[in-house]
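The values are calculated or read from the model by the stated rules, or taken from the named source; none is laboratory data. Being a predicted model, the structure only gives us computed values, none of them experimental. Ideal geometry is used to build each Cβ from the backbone, glycine not excepted, and the neighbour counts take in all protein chains shown.
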Amino acid sequence: MNINGQAALVTGGASGLGEATARELARLGAKVAILDVNLALAQAVAADMVAQYGDGCAVACACDITNADSVAAALAAAEAAHGPARILMNVAGVGTAKRVIGKDGNAAPLEDFARVVNINLVGAYNISRLFAAACAKLPPLEDGERGVMLFTASVAAFDGQVGQQAYSASKAGLVGMTLPMARDLAQHGIRVCTIAPGLFATPLMKTLPEPVQASLAASIPFPPRLGKPDEFAALAAHIATNVHLNGETIRLDGALRMAPR
């Protein structure tokens, strides 16, 4: 797919990997809708993108991916601004670490596990199903393609650490959903891929003390540094452009394999 001129949706696009992806798509000529629960931050990013790439390149939409009505409203607002979307980048997510049995000897609260899975897995499926239903009605492009969607998993899907039960389960769910969804949507010309990033220099990572960041970076075989958000964004954009990439999960981690803790 030629990204230039296409309407794109980026969940979690107001910060971190989502922001980098939104900016890269706009740089390549896409009309990007930044979907985020933090509307003020999304508006600030959209305004900066417009200043850099020109009018019409970005719009901010409030969106809670776990709420069907909120997603429907955000998709309608994005379409009103940019027309029907053919690209969906699912980047929104949360991460927590909590042991099954706490230091007090009590079991972890079930609602904590459910919240992470609901946002990371159920929320991603929620917006993807609505995007796919709309995208399937669009006329096909070259090769019969109508659209492409990306999920953002994590290396924790494969080698999660102590306390990452909820996070790892939610990200493994995205990996497990990738191939069957690609097969399901093949008849409509909609591709599905997933990126599983390792340790990246996101705003959340940068809240850690410098020595901790340095230690984490040193654990990566090569290059021995934290991943750059624009490296994630470059791969996300390539997946959109490479029509033969479908049903695949790609680790983007510098050959990192996480230790138990």
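Here are the numbers for the structure shown:
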read-out	value
Subset tally (residues that are of a type in the set (A, V, I, L, M, F, W, C), buried (at least 20 other Cβ atoms within 10 Å of the Cβ) and under 18 Å from residue 140 (Cβ atoms)) for segment 183-208	3
Positions within segment 207-242 being hydrophobic (A, V, I, L, M, F, W, C) and farther than 14 Å from residue 194 by Cα, in sequence order	208, 212, 214, 216, 217, 218, 220, 222, 226
Residue within segment 176-183 that is over 15 Å from residue 91 (Cβ atoms), in contact with a Leu (Cβ under 9 Å, 6 or more places away or on another chain), assigned to a helix (DSSP H, G or I) and modelled with pLDDT of 95 or more present	yes
Which listed residue, of 44, 33, is surrounded by 15 or more Cβ atoms within 10 Å (Cβ to Cβ) and not in a loop (DSSP other than H, G, I, E, B)	33
Single match in 64, 104 (criterion: touching a helix residue (DSSP H, G or I) at 6+ places or on another chain (Cβ under 6 Å) and in a loop (DSSP other than H, G, I, E, B))	64
Per-region count, segment 81-101, residues surrounded by 11 or more Cβ atoms within 10 Å (Cβ to Cβ) and either in contact with a strand residue (DSSP E or B) (Cβ under 7 Å, 6 or more places away or on another chain) or assigned to a helix (DSSP H, G or I) (or both)	13
Hits in segment 143-156 (condition: touching a residue at least 60 places away in the same chain (Cβ under 8 Å) and not in a strand (DSSP E or B))	143, 145, 146, 153, 155, 156
Test: residue in segment 156-164 that is touching a strand residue (DSSP E or B) at 6+ places or on another chain (Cβ under 7 Å), under 29 Å from residue 85 (Cβ atoms), surrounded by 16 or more Cβ atoms within 10 Å (Cβ to Cβ) and not polar (S, T, N, Q)	yes
Some residue of segment 240-247 being under 27 Å from residue 113 (Cα atoms), modelled with pLDDT of 95 or more and either assigned to a strand (DSSP E or B) or among the aliphatic types (A, V, I, L, M) (or both)	no
Cβ pairs under 7 Å, 6+ apart, first in segment 100-127 and under 26 Å from residue 34 (Cα atoms), second part of a loop (DSSP other than H, G, I, E, B) and among the polar types (S, T, N, Q)	116/96; 118/66; 119/66; 122/66; 123/66; 126/66
Segment 212-234 residues that are polar (S, T, N, Q), paired with ones that are exposed (fewer than 14 other Cβ atoms within 10 Å of the Cβ) (beta carbon under 9 Å, 6 or more apart)	213/206; 219/259
Any hit, segment 10-25, residues being touching a strand residue (DSSP E or B) at 6+ places or on another chain (Cβ under 8 Å), at pLDDT 95 or above, surrounded by fewer than 24 Cβ atoms within 10 Å (Cβ to Cβ) and under 24 Å from residue 134 (Cβ atoms)	no
Residue in segment 111-125 that is within 23 Å of residue 178 (Cβ to Cβ), crowded, with 17+ Cβ neighbours inside 10 Å, in contact with a strand residue (DSSP E or B) (Cβ under 6 Å, 6 or more places away or on another chain) and modelled with pLDDT of 95 or more present	yes
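To keep it simple, each residue is scored yes or no on (1) among the basic types (Lys, Arg); (2) under 21 Å from the mean Cα position of the chain (by Cα).
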position: 77; (1), (2): no, yes
position: 84; (1), (2): no, yes
position: 103; (1), (2): yes, no
position: 118; (1), (2): no, yes
position: 143; (1), (2): no, no
position: 151; (1), (2): no, yes
